[in-house]
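Undergrad: This is the structure, below, for whatever I ask next.
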Amino acid sequence: MTSTPLPIDLAVIGGSGLYKFPGLENTTRHRVDTPYGPASGDVVIGDFAGKRVAFLARHGESHTLPPHRVNYRANLWALHSLGTRRVIGVNAVGGIRSDMGPRVIVVPDQLIDYTHGRYTSFCDVDGAEVKHIDFSEPYTESLRQRLLAAASAAGVAVIAGGCYGATQGPRLETRAEIARMKRDGCDLVGMTGMPEASLARELELEYACLALVANFAAGCGDEAEISIEEIFAHLAAATAEVPRILAAMPES
Ligand code: HPA
């Protein structure tokens, strides 16, 4: 099914641990053909807390796509072509800053891109118009503020601001890499924040990130090693807060 009779208020791209959007009702599934190949899966559109919400699982509904193989262009294109104008990217991250430990939720305001070999632009095809977007502020401030207001209304603690460093993955980083990122000014590290944010900007979508801290990044916590089981346990706890925050999103 591809037609969407009602306008979409908000799209959510779910990261690790968020493969279905809890509480989404009266859903329809949309498989979109894009010029960039297949999206990560069907876009599921439904009603949630009085809003029309579109949901897409970034890694696929069974988590089969690693961060460097996600078709970010197709995902953004699919959401845009269904009428989305506003996207929240939910991203699992490691915390670098000492107050950004496991289960903390952050709405970052800056990012640094360390990824490579990904398709980073819709201009990347023959004959496409070359667009130089302004990316001084990588996230849409008004959407960030709505997210922060929603978290406050829902009584969910979030940290406002922080710099997201996007790494290639799928491996976690070395201590030396994280030490360098810290010197660069990164507060968080994740594998999926780019090129999603800049592709959203190319399509003139509003875009903000809800970063869920799953672990302290390498060398930042007490543990000698990072446990994947603990990552997913912390992520499950933080993910449970996401629908509460989004349910409280004020109208634009
Ligand atoms: N590094 C990169 N991405 C992540 C991490 C991390 O430590 N934890 C969750 N996503």
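Undergrad: Taking every alpha carbon pair in the chain, what does the distance histogram look like in 10 angstrom bins from 0, in percent?
TA: Histogramming the chain at 10 Å steps yields 8, 33, 38, 18, 3, 0 percent.
Undergrad: Can you tell me which lysines have their Cα less than 17 Å from the Cα of K20? Leave out same-chain residues fewer than eight positions away.
TA: Straight-distance partners of K20: K51.
Undergrad: So which helices of the chain fit the span-like rule, where a helix is a whole DSSP H run, its Cα atoms reach 18 Å or more along the axis, and its mean Kyte-Doolittle is at least 0.0? Let's see the in-between values first.
TA: Values: long enough: 141-154 (20 Å, 0.20).
Helices meeting the span and hydropathy rule in the chain are 141-154.
Undergrad: Further question on the same structure: Report, in debye and to the nearest 20, how large the dipole of region 10-247 comes out about its Cα centre when Lys and Arg carry +1 and Asp and Glu carry -1 on their Cβ. Spell out each step's value before the answer.
TA: Details: 23 positive and 28 negative charges, 70 e Å.
With only Lys, Arg, Asp and Glu charged at Cβ, the dipole is about 340 debye.
Undergrad: Of V107, T64, T28, which is farthest along the charge dipole of the chain in the positive direction, counting Lys and Arg as +1 and Asp and Glu as -1 at C-beta?
TA: T28
Undergrad: DSSP loop trypsin sites (Lys or Arg not before Pro) in region 160-252 with at most 11 other Cβ atoms within 10 Å of their Cβ, which ones? Each step should come with its number before you reach the end.
TA: Numbers: sites: R171, R175, R180, K182, R183, R201, R244; in loops: R171.
Those that pass, being in a loop and sparsely packed, are R171.
Undergrad: Rounded to a whole number of µm²/s, how large is the Stokes-Einstein D of region 119-226 at 20 °C and 1.002 mPa s, given Rh as the Kirkwood radius over C-alpha pairs?
TA: Working: Rh = 16.0 Å.
It diffuses with D of about 134 µm²/s by this estimate.
Values in this text are rule-based calculations from the coordinates and carry no lab data. The shown structure was predicted, so the numbers you read here are calculated from the model rather than taken from an experiment. No Cβ is skipped: glycine too gets one built from the backbone with ideal geometry, and neighbour counts run over all protein chains shown.
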